[in-house]
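Down below is the structure, laid out as structure tokens.
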Amino acid sequence: MAALVLLIEAVGIVVLNGVMATFVGAQQMSLDGMDPDVMVTATWGLGIGSGLFLALCGVLLLVAGIRDRAPGRFARIALITLAVVHGVLGAVAVGLVGWSAFAFLMVVLGLLVASLIVYGKEQPPAASAGPAGSTDGDDPVAPVSGPAPA
């Protein structure tokens, strides 16, 4: 579910930035004397970059769901980064856009957090005991010998 939401959000972000870039270009808007063409290019760049990051996180979640395993280290870092971004954007959106945008961002944040904790900690594969049950000194219940008494 979270993967599908992120992929839809990726398309929405690119479209939204495309609309903003169109308005900036058509009205020749400038911010503190910057060239309007630079503003248009930067808006498109931010939209495409954000969309690619959202799509990457969506694909990482999709792969984790298909494999039915916890996301790996890189995927966890990317998903945590995206969750933090959604939290900050939610705090900003409540003042600038309204409660509906805040609610959407918090739902996505909840889906991201749920996808990170639903699998728990990734378990390493069980080590084999070796021939005849020997553990090669890795027995956690074996007594530890300290230094010899003097």
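Every number here is computed from the coordinates shown, using simple stated rules; none is lab data. Only a predicted model underlies this, so the values are computations on that prediction, with no experimental measurement involved. Here the Cβ is made from the backbone with ideal geometry for all residues, glycine too, and neighbour counts use every protein chain on show.
Note on region 31-75: residues that are of a type in the set (G, A, S) and at positive phi total 1.
Only one residue in F74, F53 is within 16 Å of the chain's Cα centre (by Cα), farther than 18 Å from L111 by Cβ and either of a type outside the set (K, R) or in a loop (DSSP other than H, G, I, E, B) (or both). Which one? So the residue among F74, F53 that is within 16 Å of the chain's Cα centre (by Cα), farther than 18 Å from L111 by Cβ and either of a type outside the set (K, R) or in a loop (DSSP other than H, G, I, E, B) (or both) is F74.
Which of the residues that make up region 37-54 are crowded, with 17+ Cβ neighbours inside 10 Å and in contact (Cβ under 8 Å) with a residue 24 or more places away in the chain? Residues satisfying the conditions are T43, W44, G47, S50, G51, F53, L54. Among the criteria (1) over 22 Å from I117 (Cα atoms); (2) under 11 Å from the mean Cα position of the chain (by Cα), the one S30 does not fulfil is (2).
Of all residues in region 11-30, those satisfying the criterion of being small (G, A, S) and more than 20 Å from L52 (Cβ to Cβ) are G25, A26, S30. For the criterion of being part of a helix (DSSP H, G or I) and among the basic types (K, R), R69 fails. Counting residues in region 34-42 that are more than 23 Å from V107 (Cβ to Cβ), not acidic (D, E) and not in a helix (DSSP H, G or I) gives one or more.
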